[in-house]
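Each remark here refers to the structure printed beneath this line.
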Amino acid sequence: PFSLDTMEAIVDKADEHHRLVLENRQLRAKEQLPSQGFDAKNPKMQQIFKTISTCAKTSASVFISGESGSGKEVIASMIHERSLRKKHPFIKVNCPATPESLLESEFFGHEKGAFTGAEKRRLGRFELAHKGSLLLDEITEMPMHLQSKLLRVIQEQEFERLGSEKSIRVDIRFIATTNRNIEEAIQQNLFREDLFYRLHVIPIQIPPLRERREDIIDLANYFIASFSTKMGQRQKPLSPLAKKYLLDYNFPGNVRELSNIIERALTLSQEKEITAQDLSIQPKPPKILPLKEWEKTHILDTLAAMGESKSLAAKKLGITEKTLRNKLKSYGKKT
(Lines give C-alpha, C1' and ligand atoms only; values in the text may rest on other atoms or scores of the structure.)
Protein backbone atom coordinates (compact mmCIF):
# COMPACT_ATOMS: atom_id res chain seq x y z
CA PRO A 1 0.00 0.00 0.00
CA PHE A 2 3.04 2.33 0.34
CA SER A 3 5.47 3.49 -2.29
CA LEU A 4 9.18 2.97 -1.70
CA ASP A 5 9.71 6.75 -1.45
CA THR A 6 7.04 7.01 1.25
CA MET A 7 8.52 4.14 3.24
CA GLU A 8 12.00 5.62 2.90
CA ALA A 9 10.74 8.98 4.18
CA ILE A 10 9.03 7.32 7.18
CA VAL A 11 12.15 5.35 8.10
CA ASP A 12 14.38 8.42 7.67
CA LYS A 13 12.09 10.50 9.89
CA ALA A 14 12.01 7.82 12.60
CA ASP A 15 15.79 7.40 12.47
CA GLU A 16 16.42 11.13 12.62
CA HIS A 17 13.92 11.63 15.44
CA HIS A 18 15.52 8.82 17.47
CA ARG A 19 18.97 10.35 16.98
CA LEU A 20 17.74 13.76 18.13
CA VAL A 21 16.00 12.31 21.19
CA LEU A 22 19.27 10.69 22.28
CA GLU A 23 21.18 13.89 21.52
CA ASN A 24 18.77 15.97 23.63
CA ARG A 25 19.05 13.53 26.53
CA GLN A 26 22.84 13.73 26.41
CA LEU A 27 22.78 17.52 26.28
CA ARG A 28 20.41 17.80 29.22
CA ALA A 29 22.48 15.35 31.25
CA LYS A 30 25.64 17.28 30.40
CA GLU A 31 24.17 20.65 31.33
CA GLN A 32 23.12 19.59 34.84
CA LEU A 33 21.49 22.94 35.44
CA PRO A 34 18.38 23.16 37.65
CA SER A 35 15.07 23.40 35.82
CA GLN A 36 12.92 22.03 38.62
CA GLY A 37 13.10 21.76 42.39
CA PHE A 38 14.88 25.08 42.87
CA ASP A 39 13.28 28.24 44.25
CA ALA A 40 15.29 31.36 43.43
CA LYS A 41 15.68 34.09 46.04
CA ASN A 42 17.02 36.63 43.56
CA PRO A 43 14.20 39.01 42.48
CA LYS A 44 15.32 38.98 38.82
CA MET A 45 15.24 35.18 38.69
CA GLN A 46 11.86 35.11 40.42
CA GLN A 47 10.55 37.42 37.70
CA ILE A 48 12.06 35.19 35.01
CA PHE A 49 10.24 32.15 36.43
CA LYS A 50 6.98 34.13 36.38
CA THR A 51 7.62 35.10 32.76
CA ILE A 52 8.26 31.45 31.88
CA SER A 53 4.95 30.38 33.43
CA THR A 54 3.10 33.07 31.49
CA CYS A 55 4.73 32.78 28.08
CA ALA A 56 4.86 28.96 28.09
CA LYS A 57 1.10 28.90 27.54
CA THR A 58 1.49 30.80 24.26
CA SER A 59 3.36 30.15 21.00
CA ALA A 60 5.16 33.50 21.05
CA SER A 61 8.85 33.51 20.10
CA VAL A 62 11.27 33.91 23.02
CA PHE A 63 14.71 35.56 22.92
CA ILE A 64 16.98 34.55 25.82
CA SER A 65 20.16 36.54 26.52
CA GLY A 66 22.86 35.81 29.05
CA GLU A 67 26.51 34.97 29.56
CA SER A 68 27.85 31.53 28.71
CA GLY A 69 26.90 29.00 31.37
CA SER A 70 24.11 31.11 32.86
CA GLY A 71 21.43 28.55 32.02
CA LYS A 72 19.88 29.74 28.74
CA GLU A 73 19.25 26.19 27.46
CA VAL A 74 17.59 25.24 30.73
CA ILE A 75 15.24 28.23 30.53
CA ALA A 76 14.38 27.22 26.95
CA SER A 77 13.71 23.66 28.09
CA MET A 78 11.48 24.91 30.93
CA ILE A 79 9.42 26.93 28.46
CA HIS A 80 8.88 23.89 26.24
CA GLU A 81 8.17 21.50 29.12
CA ARG A 82 5.49 23.80 30.53
CA SER A 83 3.82 24.51 27.20
CA LEU A 84 1.01 22.79 25.32
CA ARG A 85 3.74 21.53 22.94
CA LYS A 86 5.51 19.44 25.61
CA LYS A 87 4.38 16.13 24.05
CA HIS A 88 5.98 17.15 20.75
CA PRO A 89 9.70 17.47 19.87
CA PHE A 90 12.09 19.94 21.45
CA ILE A 91 14.75 20.30 18.76
CA LYS A 92 18.02 22.18 19.13
CA VAL A 93 20.40 23.68 16.57
CA ASN A 94 23.79 24.71 17.96
CA CYS A 95 24.61 27.43 15.42
CA PRO A 96 28.34 27.94 16.20
CA ALA A 97 29.02 24.18 16.48
CA THR A 98 27.52 23.34 13.08
CA PRO A 99 29.81 23.93 10.04
CA GLU A 100 28.49 26.78 7.89
CA SER A 101 28.49 24.53 4.82
CA LEU A 102 26.10 22.10 6.56
CA LEU A 103 23.93 24.59 8.43
CA GLU A 104 21.42 25.12 5.61
CA SER A 105 20.95 21.37 5.16
CA GLU A 106 20.66 21.01 8.94
CA PHE A 107 17.74 23.46 8.98
CA PHE A 108 15.91 22.64 5.77
CA GLY A 109 16.91 19.04 5.11
CA HIS A 110 17.65 17.83 1.57
CA GLU A 111 16.54 15.43 -1.10
CA LYS A 112 18.68 12.58 -2.38
CA GLY A 113 21.18 13.96 -4.88
CA ALA A 114 20.60 17.60 -3.90
CA PHE A 115 24.38 18.07 -3.67
CA THR A 116 27.56 16.01 -3.64
CA GLY A 117 27.39 13.55 -0.76
CA ALA A 118 23.58 13.69 -0.39
CA GLU A 119 23.13 9.95 -0.78
CA LYS A 120 19.63 9.86 0.71
CA ARG A 121 16.85 12.17 1.78
CA ARG A 122 17.45 13.92 5.11
CA LEU A 123 14.84 15.69 7.18
CA GLY A 124 15.85 19.08 8.56
CA ARG A 125 15.33 20.49 12.03
CA PHE A 126 12.34 22.59 10.87
CA GLU A 127 10.49 19.49 9.75
CA LEU A 128 11.41 17.51 12.87
CA ALA A 129 10.28 20.33 15.16
CA HIS A 130 6.75 20.39 13.67
CA LYS A 131 4.18 21.06 16.44
CA GLY A 132 7.03 21.40 18.93
CA SER A 133 9.74 23.95 19.76
CA LEU A 134 12.98 24.79 17.95
CA LEU A 135 15.89 26.13 19.98
CA LEU A 136 18.28 28.30 17.96
CA ASP A 137 21.28 28.26 20.29
CA GLU A 138 23.69 31.22 19.95
CA ILE A 139 21.75 32.50 16.95
CA THR A 140 23.98 35.56 16.48
CA GLU A 141 26.63 33.17 15.11
CA MET A 142 24.38 32.27 12.18
CA PRO A 143 25.61 33.47 8.74
CA MET A 144 23.75 36.51 7.36
CA HIS A 145 22.56 34.76 4.17
CA LEU A 146 20.86 32.08 6.24
CA GLN A 147 19.25 34.64 8.55
CA SER A 148 17.12 35.95 5.69
CA LYS A 149 15.89 32.43 4.92
CA LEU A 150 15.12 31.84 8.59
CA LEU A 151 13.12 35.06 8.66
CA ARG A 152 10.88 33.73 5.89
CA VAL A 153 10.25 30.47 7.77
CA ILE A 154 9.29 32.36 10.93
CA GLN A 155 6.96 34.67 9.00
CA GLU A 156 5.30 32.08 6.75
CA GLN A 157 5.91 28.83 8.68
CA GLU A 158 6.88 27.03 5.48
CA PHE A 159 10.06 26.06 3.62
CA GLU A 160 11.47 23.74 0.93
CA ARG A 161 14.03 21.00 1.35
CA LEU A 162 17.27 21.53 -0.58
CA GLY A 163 16.81 20.03 -4.03
CA SER A 164 12.99 20.26 -3.89
CA GLU A 165 10.45 22.85 -4.96
CA LYS A 166 7.66 21.42 -2.82
CA SER A 167 6.72 23.68 0.11
CA ILE A 168 6.35 22.09 3.53
CA ARG A 169 4.17 23.81 6.13
CA VAL A 170 5.15 23.59 9.79
CA ASP A 171 3.91 24.78 13.17
CA ILE A 172 6.93 25.70 15.30
CA ARG A 173 7.61 27.73 18.40
CA PHE A 174 10.99 29.49 18.04
CA ILE A 175 13.29 30.04 21.02
CA ALA A 176 16.61 31.80 20.40
CA THR A 177 19.58 32.36 22.70
CA THR A 178 22.72 34.49 22.56
CA ASN A 179 25.63 35.42 24.81
CA ARG A 180 26.43 38.47 22.67
CA ASN A 181 25.35 42.07 23.11
CA ILE A 182 22.57 41.95 20.53
CA GLU A 183 22.51 45.72 19.91
CA GLU A 184 26.22 45.66 19.06
CA ALA A 185 25.73 42.63 16.78
CA ILE A 186 23.03 44.50 14.86
CA GLN A 187 25.14 47.67 14.58
CA GLN A 188 28.10 45.62 13.31
CA ASN A 189 25.85 44.00 10.65
CA LEU A 190 26.32 40.58 12.19
CA PHE A 191 22.61 40.11 12.86
CA ARG A 192 19.51 41.23 10.98
CA GLU A 193 17.40 43.74 12.87
CA ASP A 194 14.14 42.47 11.31
CA LEU A 195 14.95 38.91 12.39
CA PHE A 196 15.71 40.14 15.90
CA TYR A 197 12.28 41.78 16.19
CA ARG A 198 10.59 38.62 14.92
CA LEU A 199 12.28 36.55 17.63
CA HIS A 200 12.28 39.18 20.38
CA VAL A 201 8.57 38.90 21.20
CA ILE A 202 9.23 37.68 24.76
CA PRO A 203 12.69 38.82 25.95
CA ILE A 204 14.41 37.09 28.88
CA GLN A 205 17.72 38.44 30.21
CA ILE A 206 19.43 36.02 32.61
CA PRO A 207 21.70 37.77 35.13
CA PRO A 208 25.17 36.27 35.71
CA LEU A 209 25.63 34.27 38.90
CA ARG A 210 27.84 36.97 40.45
CA GLU A 211 24.80 39.28 40.40
CA ARG A 212 22.56 36.80 42.24
CA ARG A 213 24.75 35.72 45.12
CA GLU A 214 21.76 35.02 47.34
CA ASP A 215 21.12 31.94 45.17
CA ILE A 216 24.67 30.52 45.25
CA ILE A 217 24.41 28.33 48.36
CA ASP A 218 20.94 27.02 47.45
CA LEU A 219 22.21 26.17 43.97
CA ALA A 220 25.26 24.46 45.43
CA ASN A 221 23.02 22.37 47.72
CA TYR A 222 20.82 21.54 44.72
CA PHE A 223 23.83 20.21 42.83
CA ILE A 224 25.08 18.32 45.91
CA ALA A 225 21.73 16.52 46.15
CA SER A 226 21.63 15.83 42.40
CA PHE A 227 25.20 14.52 42.08
CA SER A 228 25.06 12.55 45.35
CA THR A 229 22.04 10.65 44.03
CA LYS A 230 23.78 9.92 40.74
CA MET A 231 26.97 8.81 42.50
CA GLY A 232 25.07 6.64 44.96
CA GLN A 233 26.56 8.34 48.00
CA ARG A 234 25.17 10.26 50.95
CA GLN A 235 24.85 14.02 50.76
CA LYS A 236 27.59 16.03 52.37
CA PRO A 237 27.05 19.52 53.80
CA LEU A 238 29.24 22.48 52.89
CA SER A 239 31.57 23.59 55.65
CA PRO A 240 31.19 27.23 56.81
CA LEU A 241 34.50 28.15 55.13
CA ALA A 242 33.45 26.40 51.90
CA LYS A 243 30.28 28.50 51.87
CA LYS A 244 32.37 31.65 52.34
CA TYR A 245 34.64 30.63 49.45
CA LEU A 246 31.63 30.15 47.18
CA LEU A 247 30.07 33.47 48.18
CA ASP A 248 33.38 35.30 47.62
CA TYR A 249 34.09 33.66 44.25
CA ASN A 250 33.19 35.54 41.04
CA PHE A 251 32.10 32.56 38.88
CA PRO A 252 33.24 33.59 35.38
CA GLY A 253 31.65 30.35 34.11
CA ASN A 254 28.37 31.07 35.92
CA VAL A 255 26.00 28.27 37.01
CA ARG A 256 27.71 25.67 34.79
CA GLU A 257 31.00 26.37 36.58
CA LEU A 258 29.31 26.01 39.97
CA SER A 259 27.92 22.64 38.83
CA ASN A 260 31.41 21.49 37.80
CA ILE A 261 32.95 22.71 41.08
CA ILE A 262 30.43 20.77 43.17
CA GLU A 263 30.77 17.60 41.08
CA ARG A 264 34.57 17.74 41.41
CA ALA A 265 34.36 18.45 45.16
CA LEU A 266 32.06 15.48 45.77
CA THR A 267 34.38 13.23 43.76
CA LEU A 268 37.51 14.29 45.63
CA SER A 269 36.13 14.87 49.15
CA GLN A 270 37.40 12.49 51.85
CA GLU A 271 35.77 14.22 54.83
CA LYS A 272 32.22 14.17 56.25
CA GLU A 273 31.64 17.60 54.78
CA ILE A 274 32.77 19.50 51.68
CA THR A 275 35.70 21.66 52.71
CA ALA A 276 37.06 24.82 51.16
CA GLN A 277 40.04 22.81 49.87
CA ASP A 278 37.69 20.39 48.09
CA LEU A 279 36.28 23.26 46.02
CA SER A 280 39.66 23.94 44.36
CA ILE A 281 38.86 27.61 43.82
CA GLN A 282 40.55 30.82 44.90
CA PRO A 283 38.06 33.40 46.17
CA LYS A 284 38.61 36.99 45.10
CA PRO A 285 40.61 38.81 47.79
CA PRO A 286 38.66 41.61 49.49
CA LYS A 287 39.18 45.03 47.98
CA ILE A 288 40.75 47.37 50.53
CA LEU A 289 39.62 50.98 50.09
CA PRO A 290 40.97 54.14 51.72
CA LEU A 291 38.75 55.16 54.64
CA LYS A 292 37.29 58.22 52.88
CA GLU A 293 36.46 56.22 49.75
CA TRP A 294 34.89 53.45 51.85
CA GLU A 295 32.80 56.03 53.72
CA LYS A 296 31.60 57.58 50.45
CA THR A 297 30.65 54.20 49.01
CA HIS A 298 28.85 53.19 52.21
CA ILE A 299 26.89 56.46 52.39
CA LEU A 300 25.82 56.36 48.74
CA ASP A 301 24.84 52.68 48.95
CA THR A 302 22.79 53.35 52.08
CA LEU A 303 21.08 56.32 50.43
CA ALA A 304 20.20 54.18 47.41
CA ALA A 305 18.90 51.39 49.67
CA MET A 306 16.64 53.92 51.44
CA GLY A 307 15.12 55.03 48.14
CA GLU A 308 17.14 58.29 48.10
CA SER A 309 15.39 59.40 51.32
CA LYS A 310 17.95 61.53 53.14
CA SER A 311 16.11 61.40 56.46
CA LEU A 312 15.91 57.60 56.43
CA ALA A 313 19.51 57.25 55.25
CA ALA A 314 20.78 59.61 57.97
CA LYS A 315 18.90 57.61 60.61
CA LYS A 316 20.29 54.35 59.26
CA LEU A 317 23.84 55.76 59.24
CA GLY A 318 23.51 57.21 62.76
CA ILE A 319 24.27 60.80 61.67
CA THR A 320 22.21 63.97 61.36
CA GLU A 321 20.54 64.84 58.10
CA LYS A 322 22.61 68.05 57.98
CA THR A 323 25.82 66.02 58.20
CA LEU A 324 24.57 63.74 55.45
CA ARG A 325 23.78 66.70 53.20
CA ASN A 326 27.25 68.14 53.78
CA LYS A 327 28.81 64.79 52.88
CA LEU A 328 26.75 64.57 49.68
CA LYS A 329 27.69 68.13 48.76
CA SER A 330 31.37 67.24 49.11
CA TYR A 331 30.75 64.30 46.73
CA GLY A 332 29.28 66.68 44.14
CA LYS A 333 25.74 65.36 44.68
CA LYS A 334 22.60 67.50 44.79
CA THR A 335 21.31 68.06 48.31
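The values are calculated or read from the model by the stated rules, or taken from the named source; none is laboratory data. Given the structure is predicted, the values throughout are model-derived calculations rather than measurements. All Cβ positions, glycine included, derive from the backbone under ideal geometry; neighbour counts span all protein chains shown. Ligands, DNA and RNA are stripped out before the accessible areas are found, and what is left, the full protein with its side chains, is counted by its heavy atoms. Shrake-Rupley method; radii C 1.70, N 1.55, O 1.52, S 1.80 Å.
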**Prompt:** When residues of segment 249-277 are filtered for being closer than 26 Å to residue 75 by Cα and open to solvent by 10 Å² or more (accessible area, probe 1.4 Å), how many remain?
**Reply:** 9
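If we scan segment 127-145, do we find a residue that is open to solvent by 40 Å² or more (accessible area, probe 1.4 Å), within 30 Å of residue 211 (Cβ to Cβ), at pLDDT below 95 and in contact with a Phe, Trp or Tyr (Cβ under 9 Å, 6 or more places away or on another chain)? Working first, answer last.
Going residue by residue through segment 127-145, those that are open to solvent by 40 Å² or more (accessible area, probe 1.4 Å) are 130-131, 141, 144-145.
Applying the additional criterion that residues be within 30 Å of residue 211 (Cβ to Cβ) yields 141.
Imposing the further condition that a residue be at pLDDT below 95 reduces the set to 141.
Now drop any that are not in contact with a Phe, Trp or Tyr (Cβ under 9 Å, 6 or more places away or on another chain), which leaves none.
The answer is no; no qualifying residue exists.
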**Per-region count, segment 218-248, residues within 30 Å of residue 179 (Cα to Cα), aliphatic (A, V, I, L, M), in contact with a helix residue (DSSP H, G or I) (Cβ under 8 Å, 6 or more places away or on another chain) and open to solvent by 20 Å² or more (accessible area, probe 1.4 Å)** = 1
**Item:** Among (1) open to solvent by 20 Å² or more (accessible area, probe 1.4 Å); (2) of a type in the set (Val, Ile, Thr); (3) in contact with a Lys or Arg (Cβ under 7 Å, 6 or more places away or on another chain), the one test that residue 51 misses
**Value:** (3)
**Asked** When you look at residue 91, is it part of a helix (DSSP H, G or I), farther than 17 Å from residue 164 by Cα, open to solvent by less than 10 Å² (accessible area, probe 1.4 Å) and in contact with a strand residue (DSSP E or B) (Cβ under 7 Å, 6 or more places away or on another chain), yes or no?
**Response** no
**Message:** Residue pairs, Cβ under 7 Å, 6 or more apart or interchain, first in segment 311-335 and hydroxyl-bearing (Ser, Thr, Tyr), second surrounded by 11 or more Cβ atoms within 10 Å (Cβ to Cβ). List them.
**Reply:** 311/321; 320/314; 331/296; 335/325; 335/328; 335/329
**Message:** Within segment 1-48, take every residue that is surrounded by 15 or more Cβ atoms within 10 Å (Cβ to Cβ), farther than 21 Å from residue 89 by Cα and out of contact with any Phe, Trp or Tyr (no Cβ under 6 Å at 6 or more places or on another chain) and give me the one that is modelled with the lowest pLDDT.
**Reply:** 40
**Message:** Looking for something open to solvent by 80 Å² or more (accessible area, probe 1.4 Å) and of a type in the set (Asp, Glu) - is there at least one such residue anywhere in segment 194-211?
**Reply:** yes
